[in-house]
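Worksheet: one structure, shown below.
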Amino acid sequence: MARNKRAKQLAKEKNRVKRTKEEWEAMKRENPDLGQKKGYHLAPKSNEMFERYYRGIGIVPEEEWDDFLNTMRRPLPTTFRVTGSRRQAEELLKIIKGQYFSKFFSTDDDQEKIVPTQLPWYPNGLAWQLDFTRKEIKNDSALKSLHGFLISETESGNISRQEAVSMLPPLLMDIKPHHKILDMCAAPGSKTAQLIEALHSDENVPTPEGFVVANDADNKRCYLMTHQVKRLQSPNCMIVNHDARILPNMFYSKDNNADVVKYDRILCDVPCSGDGTMRKNPDIWSKWHVNGGYNLHSVQKKILQRGLELLAVGGRLVYSTCSLNPMEDEAVILTILNMCGGAVELVDVSDKLTGLKYSKGTYSWKCMNKTGEWYETEEMASKQFRNQWDTTIYPPIITVAQEAKLERCIRVLPHQNNTGAFFIAVLEKTRDLPWTSGKSNRNADPIINPSERQDPSEKKQSQSQHFTFGIRGKNGSYHFAKCKLCGVMLQGRNDFNSHQGGRKHKQSLEDYEQTKKTGPVASTDPAVPVKSDTVAMDTEPAKPTEHASKTDTYSSVADPEKPTNDCERTTGEDTVASGVTEVTARKVRDEPEVTEEREVTGEPGVTDTAVEPSGKDSPPTKRQKMDKGETTEEKKETEQKKEMEEKTKPEEIREATQQSGIPVMVHGHKEDPFIFCTKDDPIWPPIKEFYGIGESMCVEQIMYRNMKRMLYYVTEQVRDLVVANNERVKFINMGVKCFSSGPSPLVTECDYRLSQEGLHVIEKYVSGRRISMTRQDVVTILSCENPFIYKLSPSTQDSVHTIAPGSVIFHFVPSESDPEPCVEILFCGWRGKTSVRSFVDKDQRQHYLRMCGVELSDIKAQVKMMKECKNLLEATPGSSQVSGTETPVGPASGDEAEVEKWNEEAEAPRDPEADEVEEEINGDLAVESEMLNTDNDKANDNNEAGIDNEENMEDDVAESAE
């Protein structure tokens, strides 16, 4: 196939008309666009319905409308914030102002001077806005150095490029180191990273007691979010994958009386129509539709309601959207406040945003259909419009909105601060919600203990004793139910009402009442014996839908509050029962022709007896056809498979399925388990002795996935939560990598080397194998591939000679004799027989060199010049090369015997499922490869694929490490 394709290409080139240079120039004169690159032409930035809708609602004053619309059509400026510790952030700010802002933003007198803007409302002046788009910074040759700086520092975790208004919600949460934090819709992770920074902001608390749980409904987006979180290297973060509307409870332990985890701070950045991001996403101009906000209103209410249920009394929840639509903003807030009955109130945070221009929340708005007709009340709306949308989208009475204090909401308009549009509301929980039962321990979980399913809210429902309820919804109602009389699975309010008023249920109810009075009803068919209990219908599980984006994820799940088609009802793959696991809704056939008896287990203490009539003319059931076509051996194999599946399920899930009759699934995607080391684990004593680790570091906080190639560290609180909830919560990622397996012939005592990712977390426990160095030593080790030990300062040489070969920690501390830089520098590396080297990725290496006042570009220029001189000497006849000298270029020097022996050992192939997909950038040999003008940068450029390049570094170390 490839040969035929190549032959066709050659034939095409042979038949191509060859033109001279003069002919091409003549053609270009006739057609100037000939040969020019054709870029991507954006659609016009206009939408008549969008302009009519928002101008009619009145959230933008009429005198500001033109300014608002013009700003929406301009591209979004670039913004970034400096992260890390306070001292390191101050040092980085000095470099930014001195080397980049002063150099690139000063212009001639004839031209307008462009000055970077410091965001006045961001603390400590760490956030900046540049009046350049990302495209301009990337393509402008004058800004090329700034572009490389931003990318390098972003990948090393010292700078975060984030939209300005997106920084607001975490700032209003008032996070402390001991807080338990939940991000309900976390992907892509920029706000989650800001939450982690706030948790670690107190330098006096090196390891906070609190933690961050980052959740998202889309499995793929969870893996992409891992890259954002890993840049910050925090052992206090967990990434989970569940539908935020029915996020399961987490418990502190597996004891029956264990309490439910209640969060002190919750960020509820719900999926929205996104029309506030038009400056960043111009495609929304052509795709915007008036129904977008209506479709998501119900989803947003459910997410906010679930968030308030998980919020501790006295805690704070921040609700935010990147939408301008009041249906997604004030309407959602007002609906939930009315439901809570005073248990939740809006918080005034106007004093927290000094310098930010914004508009207060609105009291009134209007609804518009797709034809452009306006409705101010539900009575004014057409019948089709009333039946299609939720009643809570309509504007409230002014007095009701005033009592709810909607003016405390914040709406940022684009023209006010030259940003995108955003909406924020801060809620505080003052007491328990009225629909909660007050029980918050493991025994009260409706799946673990089905006897606790029924509460007073169920007793108010007519004939509720004949139904088994599943997931709790608003006002005490339930999203899933099963009729014990008919054996039918129901999803949503519409299914429940239609089935309860249907002919079949009424007939079954009459038979049930008659049975209670007179005994079992005799069958008209002598072939059908009288049996007890109801005959269950055959059901087929609905296929899960694929998730593509945050909005699509939630819209793909069947909404119990919206009219649905009974023949096409499906649920998302991440639909999870409140408190435990995933419940899959099923398509149900209501025909009464099933003659085979099946047992249906209802709630404890309820026994139902009924007979389903069956006539001779009834068609055969699906199960009968299946049984008829199966052989005895196939039946045995099917039964064995079912038994194995039941045995592999956790005990709690099996009991819940048997008692409730509702099918329960765990985990939509298979994940490698999180396994924690034990106190008697054989891998720990060699590591502990080799690195001099004290007793204060608990081995039970060391974790691995499937294989012990990588060891991760988590805090004690995170470990307890994972152990207690690993069978009910789908964990995606957690912890920081602190050790990786890398056997060496020089080090027989320990096969594990230190990892840069978790070094700052565990270095306080490591008392041995530390090398103190000067600033010049930092530059030497990071700029040379394998510098000889004698090239280091005398004090550093003495420190190196006291340590045997193997993995080490290089540590720089500023002193009176060596005051610059005024921050500590810590990185891991290798001590060989005659040389040393660093195990630091390319971006982190650039950051450390920049802290020392050295730019990698300058080093590259020196290396290039030295290579040219070397080539010139080699080309000169009779020239003699100087041997025994070391330069930053050339092959790795020192310990050649070790390298040869190491190369002889064959490394075991890596299991692709051994580690989770981590978005890390750990190309440890990228700088050296560039110095040698090799192509290894391509191998290290695996950021998008989420490949752990530090795994591949073991092969590279075989070629150059000691």
- Peptides 156-168, 318-330 ordered by average Cβ neighbours within 10 Å, highest first: 318-330, 156-168
- Mind scanning LYS301/LYS484; LYS301/LYS429; LYS301/LYS366; LYS262/LYS301 and naming the pairs with a C-alpha gap bigger than 25 Å? LYS301/LYS484
- Find which of GLY307, ILE239, ALA343 sits farthest along the positive direction of the dipole of the range 233-348, computed with +1 on the beta-carbon of Lys and Arg, -1 on that of Asp and Glu, about the Cα centre. ILE239
- Cα gyration tensor shape for the range 781-861, rounded if a/c is under 1.5, else prolate or oblate: oblate
- Query: For a label point 7 angstrom out from the Cα of ASN124 toward its Cβ, which stretches of the range 791-829 have the backbone nitrogen within less than 19 Å?
  - Reply: 814, 821-826
- Message: Run the paramagnetic zone check for GLU136: 7 angstrom along Cα to Cβ, then residues of the range 43-74 with backbone nitrogen under 20 Å.
- Response: 43, 45, 67-74
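Using a Förster distance of 60 angstrom, determine the FRET efficiency expected from the C-beta separation of THR117 and ALA875, and round it to 0.05.
So the FRET efficiency works out to roughly 0.65.
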- Placing +1 at every Lys and Arg Cβ and -1 at every Asp and Glu Cβ, with all other atoms neutral, what dipole size does the range 742-822 have around its Cα centre, in debye to the nearest 20? 120
- Message: From the protein chains alone at 1.4 Å, what is the descending order of accessible area for THR796, THR678, largest first?
- Response: THR678, THR796
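If I stretch the segment between ALA804 and GLU22 completely, what's the gain in nm (0.36 nm per residue apart, minus their alpha carbon distance), one decimal?
Net length gain for the segment: 274.4 nm.
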- Once you have the Cα-Cα distance between GLN9 and ILE398, take 0.36 nm times their residue separation minus that, and quote the gain in nm to one decimal. 132.8 nm
- Distance between modelled label sites at TYR790 and GLU689, nm, 7 Å Cα→Cβ extension: 3.5
- Query: So, how do all the Cα-to-Cα distances of the range 701-767 break down into 10 Å bins, in percent, from 0 on up?
  - Reply: 19, 45, 27, 8, 1
- Message: What do you get for trypsin sites (Lys or Arg not before Pro) in the range 241-322 restricted to DSSP loop and a cutoff of at most 14 other Cβ within 10 Å of the site's Cβ?
- Response: LYS254
- Spatially close lysines, pair count over the range 693-804: Cα under 28 Å, gap of eight or more or interchain: 4
- FRET efficiency for LYS254 and ARG86 from the Cβ-Cβ distance with R0 = 56 Å, rounded to 0.05, comes out at 0.90
- Could you calculate the FRET efficiency of LEU826 with THR436 from 1/(1 + (r/R0)^6), where r is the beta carbon distance between them and R0 is 60 Å, rounded to 0.05? 0.80
- Query: Out of residues 5 or more away from ASN786 or on other chains, whose amide H comes under 5 Å of its own, with H placed 1.01 Å from N in the peptide plane?
  - Reply: SER893
- Query: Where does each of 331-340, 22-31 land if you order them by average Cβ count within 10 Å, highest first?
  - Reply: 331-340, 22-31
- Item | DSSP-assigned coil residues among GluC sites (Glu not before Pro) in the range 349-439, each with at most 15 further Cβ atoms within 10 Å | GLU373, GLU376, GLU378, GLU379
- Item | Placed amide H near ARG837: partners under 5 Å, 5+ positions off or other chain | TRP830, GLY832
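Relative to the Cα centre, what is the charge dipole magnitude of the range 207-326, using +1 at the beta carbon of each Lys and Arg, -1 at the beta carbon of each Asp and Glu, and rounding to the nearest 20 debye?
With only Lys, Arg, Asp and Glu charged at Cβ, the dipole is about 280 debye.
With all protein chains present and a 1.4 Å probe, how do THR802, THR154, THR834 order by accessible area, largest first?
From most accessible down to least: THR802, THR834, THR154.
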- Applied in sequence order to the range 381-398, the curve 6.51 cos²θ - 1.76 cosθ + 1.60 (Karplus, θ = phi - 60°) yields integer Hz couplings, x standing for Gly and Pro, of 6, 5, 4, 5, 5, 5, 6, 8, 10, 6, 6, 7, 7, 7, x, x, 5, 4
- Task: Enumerate the amide H contacts of THR83 below 5 Å, restricted to partners 5 or more residues apart or on another chain; note that Pro and chain-start residues carry no placed amide H.
- Result: ILE159, SER160
- Note on the structure: Here, GluC sites (Glu not before Pro) of the range 777-841 satisfying both criteria (DSSP loop; at most 16 other Cβ within 10 Å) are GLU816, GLU824
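The values are calculated or read from the model by the stated rules, or taken from the named source; none is laboratory data. No experiment lies behind these values; they were computed from the predicted model shown. Methodologically, a virtual Cβ is constructed for each residue, glycine included, from the backbone with ideal geometry; neighbour enumeration extends over all protein chains shown. Remember, those area values only see protein heavy atoms, side chains included, never the ligands or the DNA or RNA. Shrake-Rupley method; radii C 1.70, N 1.55, O 1.52, S 1.80 Å.
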